[in-house]
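Below are the structure tokens for one structure; questions will follow.
The values are calculated or read from the model by the stated rules, or taken from the named source; none is laboratory data. Quick caveat: nothing in here was measured; it's all calculated off a predicted structure. Methodologically, a virtual Cβ is constructed for each residue, glycine included, from the backbone with ideal geometry; neighbour enumeration extends over all protein chains shown.
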Amino acid sequence: MHACRRSSVVLVVCLSYAFALPSLFAWGRTGHQIVAIVAARGLSPAAAAQVATLLGGKSLADVSALPDTWRSTQPETAGWHFVNVPKDDTAYDETRDCPPQNSEVGRNCAVAAIEHFKTVVADRTASKQARGRALTFLVHFVGDIHQPLHSADNNDRGGNNITVTWFGQATHKLGTKDVAWNLHAVWDEGFIEHTGLTVDGYADQLLAGGVPPNATSGTTVDWVNDAYALAKSNAYVIPAGDPAPLDEPYFATNLPVVDKQLLLAGLRLRSVLEAALGAGAKAPGVPAQPVHPGPGTPGSSSTLGCGDSLWQHVYNPQRLLVKQDCITVTGTIVDATANQTKHRADGMRHEPDGDTHGWLKVDPQFASLLNAGNGHEGGNLVFELICHYSVSQPDAKPACVGFKDTTVIPPVGTHVAIRGTFVQDKDHQKWNEIHPVSAITVP
């Protein structure tokens, strides 16, 4: 679903229309199964055991297409399947292509969804149900972004609005119905079906061809940009006509692209799962290196943080000493206003710069993140969602221009995982805090 996601006003209409269309799902069921089989074939015993546990004995291929069926009951997930990078541009831009969303992911595109669910899958403190759901999403979305028309758009819903014929046929079967071919459907299903191979046979053939150099290198954004380039150089290069006639020349030119993208998706999914579930996987929230009580690095608008550009909206960032760019900490939200003159129903102090001032009673494994200053905060770790409330402090207003945090803060007493930048506030009592907060999830 491409063009519909931008306008909340027409969300219901768009979703109803989208669910009626057959070709909105990258690769189709068989393509997702092929990606999952490639990934599973080389998993280490440790990672494979974790997969089996989290999926209740089902295989990656068994669950690989499930997120497409969840859209009707979880409409907020629809935009997580793709990235709308404009065809006339050059590369992914988070501000334009992955807008903020009031959801567990926090932004509405596949890049943000993949990064979020990586963290949940790796979190050994999260429930089995939460991790299994996250794993299912991860298997699916890594496959999605490798379908070129799920990483590009030309105001045509990723090619869904471009009618074509496929080897002379204007329609194809979807269950018992005849539906029209379009460009997106050809890439989802047409190429794979035309080979006549089974999903296992297709995976065998891909793996028999060897592993491309540096197959698993790069980031999620790099993989999206690579697929986007292929949309421009290959998928959208079609003969004139309405419908455009696609047959043997188009098939012969682009089947190697389809094969390579399916293989890369499977290999990269495997590497993501090894990093999260393999024997050497680190639990999220445990810093890659020890957090030192030293001076830290002064924050700035260009601080990396969790890679979501939030530092561009941090008020007076130099007052914060960055000790860990991105960390996930678990604990229980407690009332930061209990002893204040003004008690707040959400348990947050509403700061004049628009930020929250919340308290997290950290789980025991994160006790080392607290310092003497946190003793003045009830022994809790402070967490701040920036630009969450109205800004009344004049010099803080510029920082929040063009940005409003819409994170839903769980009630006091909820056990949560908070992801964000670990800093020390140089002012006040020099306590440690998560600032800015990138996401709050309920494991």
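Among the residues of the range 318-336, write down those that are surrounded by fewer than 22 Cβ atoms within 10 Å (Cβ to Cβ) and at pLDDT 95 or above.
Scanning the range 318-336 gives Thr332, Val334, Asp335.
Shifting gears a bit: Determine whether Val164 is over 28 Å from Leu54 (Cα atoms) and in contact with a Leu (Cβ under 9 Å, 6 or more places away or on another chain).
yes
Can you tell me which of (1) surrounded by fewer than 18 Cβ atoms within 10 Å (Cβ to Cβ); (2) over 28 Å from the mean Cα position of the chain (by Cα) is the one Lys361 doesn't meet?
Evaluating Lys361 over (1) surrounded by fewer than 18 Cβ atoms within 10 Å (Cβ to Cβ); (2) over 28 Å from the mean Cα position of the chain (by Cα) leaves (2) as the failure.
Where residues in the range 111-129 are aliphatic (A, V, I, L, M) and touching an Asp or Glu at 6+ places or on another chain (Cβ under 8 Å), which of them is surrounded by the fewest Cβ atoms within 10 Å (Cβ to Cβ)?
So, considering only residues that are aliphatic (A, V, I, L, M) and touching an Asp or Glu at 6+ places or on another chain (Cβ under 8 Å), the one surrounded by the fewest Cβ atoms within 10 Å (Cβ to Cβ) is Val111.
Shifting gears a bit: State all residues of the range 210-257 that are surrounded by fewer than 12 Cβ atoms within 10 Å (Cβ to Cβ) and touching a residue at least 12 places away in the same chain (Cβ under 8 Å); if no residue qualifies, say none.
Pro212, Asp242, Glu248, Thr253
Would you mind stating whether Lys323 is among the basic types (Lys, Arg) and not in a loop (DSSP other than H, G, I, E, B)?
Yes, satisfied.
Of all residues in the range 112-143, count the ones that are more than 24 Å from Ile34 (Cα to Cα) and among the charged types (D, E, K, R).
3
Are there any pairs with C-beta distances below 8 angstrom linking a residue in the range 367-395 that is outside the structural domain of Val329 (by TED's automatic domain parsing) to a residue that is modelled with pLDDT of 95 or more and surrounded by 13 or more Cβ atoms within 10 Å (Cβ to Cβ), with the two at least 6 apart or on different chains, and if so which?
none
If you go through the range 386-397 one residue at a time, how many are part of a loop (DSSP other than H, G, I, E, B) and more than 18 Å from Lys426 (Cα to Cα)?
Summing the residues that are part of a loop (DSSP other than H, G, I, E, B) and more than 18 Å from Lys426 (Cα to Cα) in the range 386-397 gives 7.
Go through the range 70-91 residue by residue and tally those that are under 18 Å from the mean Cα position of the chain (by Cα) and surrounded by fewer than 22 Cβ atoms within 10 Å (Cβ to Cβ).
Of the residues in that region, 7 qualify.
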